[in-house]
1. Lysines near A:LYS443 by alpha-carbon distance under 22 Å, same-chain residues fewer than 8 away left out - which ones?
2. So if I take the alpha carbon set of the stretch A:319-444, get Rg, then get Rh from the Kirkwood formula, what is the Rg over Rh ratio?
3. Once you place label points 7 Å from the Cα toward the Cβ at B:ARG153 and B:SER36, how far apart are they in nm?
4. Of B:ILE52, B:SER163, A:PRO361, which is farthest towards the positive pole of the protein assembly as shown's charge dipole, taken about the Cα centre with +1 and -1 on the beta-carbons of Lys, Arg and Asp, Glu respectively?
5. What are the extents of the Cα atoms of the stretch B:144-186 along their three principal axes, in Å, largest first?
6. How high is the FRET efficiency from A:ALA38 to A:MET95, r the C-beta distance, R0 22 Å, rounded to 0.05?
7. As a test of the formula, what do you get for chain A when each DSSP H run with n ≥ 4 contributes -39,500 (n - 2.57) and the sum is divided by the residue count, at 222 nm and rounded to the nearest 500 deg cm²/dmol?
8. Under 8 Å for C-alpha pairs, at least 6 residues apart: give me the relative contact order for chain A, rounded to a whole percent.
Amino acid sequence: MKASTNIMVVDDEKTICEALMAWFVKDGYRVETALSGADALDILENRRFDIFLVDIKMPGMDGIELLSRIKAQQPDAAVIMMTAHGSIQTAVEAMKGGAVDYLCKPFDPDALSLLMERVMAHKSLEKENSVLKERLLEEQAGAAEVCIVHSDAMRKVFEVVEEVGPSMAPVLITGETGVGKDLVARALHLKSDRAFGPFVAVNCGALSESILESELFGHEKGAFTGAVKTRRGRLEMADNGTLFLDEIGEISLKVQVSLLRALEEKQFLRLGGSEPVYSDFRLISATHRDLLPLVKEGRFREDFFYRTHVITLHIPALRERPEDIPPLADYFLKRYVEETGKCLEGFTGKAIGLLSSYAWPGNVRELRNVIERAVVISKGRMIGAEELKFLNPGEMPLEQGPRTLEEMEIDHILSTLELCNGNISRAAKNLGIDRSTLTRKLKRHRMSTCDEKP
Amino acid sequence: MRNLKPANLLNNTGPEAISAHLDIIPLGKVDPLALSVVAANLKSIMGINARILPPRPDPLYAFMPMRNQYDAGKILLHLADIKDGARFRLGVAHLDIFTPILTFVFGESQLGGNAAIVSLFRIHDPDPALIYERAAKIALHEIGHLIGIVHCRTPDCLMGFSSNLERLDGLPLRFCSACEYEASCCLSRLLKNP
């Protein structure tokens, strides 16, 4: 970091400038000197500096005035004031003006060395912080891009996001698999005061009860076989941020009780622990299931249900908002063209027609995968019907007359499985859904594949 | 003297080994043993042939009555101006030296130049061996600057900046591998092209 750190020394005494320059150059910094405030400002026109050492008493523009001019032009710079005639009043004035410290000439070697270490550590933290903030803003822009909305239905969703984002209220996001519930959750987090805090996501459907419990609450060393060291849970990690629980309908009643207590008391115990752990997090949860019937059946606790869905956001399925399909397809096309380096300009009219009339049971995720596949196999400058023929246009809903959604889903799953020679994993990938979701659908529709083990 | 073991950065076996690369110039009255230890360490650790010249008078031209100290920068200019002699000059003095920005320095040198100075004034200890070891460390550090090496952040490297005796005593009498390599390259280049 030192070699890339630029320092400017401003002092009307040439010997001081030279001595400081010699010291800093030996310490590996890049140094520039100026004999007056005016000279310093001339240099500042074209160059940026990380650290300034400014003498307070100089003819013409004094150090205090130069400090304010530097702070106006380069607010991130660290300014250290120097004086041969130390007084508390000037020190206070300098610190109020934004100086990081104040040194009396000549300096004690220890003082200069420690001050530089401190300033460098501070600069390094500032740099890290700004990199993280930039990354977050990029992420924010990314999330916004994916949540491309042309339909009124989605506009309404994002109006609610804008409204409830800054509040602390728990939000339940509902919608079919693949509609982008996780992205909406992230958008809510980014709109909140906790945007610079952590966003911790847990897919509750993918974990067994005991693993989920340990994942959420953490555990102490020796809490169970294999707990060789203490581990922080996701609730703890989400402190000052957002906890996103996906597939909340899959959580067992036992874990629901523990979560409810943690939500109400803002504290919980790690598995095997006796000391309470405090965590201040906002809960956003999501499910593709209708939770009310589960509550009635006693498979989902009523108190937990009301605690988690203070605000409900329903994300409509892609087929319910066909006007979003072309802009989303364009967005994914751009993204995969960038990734693959292919020269593709867009979609033919026929291709757009195909995409718009398809039912998209896997929703946005399926659309994304379809576009990725089309980009990979395309050979021309446009994506046409040829690249989308695996969508089975013969079974397109518009060409088949009115059919139920369930019938369409069964047909689509079967044709995709056929294309994938019965391989469930590959079919799930093509459909844009998890393998477990596809298996569940197969069971529900009592379908079988050659991939299933006897 | 502790730790006189050496990596010997410059492998001198040819005829140039006989000629001196560096003159050690005592300024005023200086313990001759301290000079010998410095010369021995420069030879054993950096491979620099150092010869000890007769003492010169106290550098009164550099005395600053206001600070009751000697200006290290002025002494360096004086040493650099000496006609004849070896390419590098190392002044050793029992005087309190300073630079315009620091209250005192243990040593000072011209980065990439040809003059350096070591002060024995602030490194006193009842154990003479410790004084000699400190003098050798300061000399090696300043000669490191002389051949163009800047301060090093690696812990336990002689090119780290020592602002007090505690830090100086905590350093071993050697360079880290990166500084050792850099010193060997710089020395080979400088001594081949005087």
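All of the numbers you see were taken from the coordinates with simple rules; none came from a lab. Computed from a predicted model, the values in this text were never measured in an experiment. No Cβ is skipped: glycine too gets one built from the backbone with ideal geometry, and neighbour counts run over all protein chains shown.
1. A:LYS443 reaches A:LYS429, A:LYS453.
2. Working: Rg = 14.2 Å, Rh = 14.9 Å.
With Rh from the inverse mean 1/r over Cα pairs, Rg/Rh is 0.96.
3. 4.2 nm
4. Among B:ILE52, B:SER163, A:PRO361, the one farthest towards the positive end of the dipole of the protein assembly as shown is B:ILE52.
5. 31, 18, 15
6. Numbers: r = 24 Å, r/R0 = 1.10.
Between A:ALA38 and A:MET95 the formula returns 0.35.
7. On the way: 19 runs with 219 residues, N = 454.
Mean residue ellipticity, 222 nm, calculated: -15000 deg cm²/dmol.
8. Working: 682 pairs, mean separation 49.2, N = 454.
So the answer I get is 11 percent.
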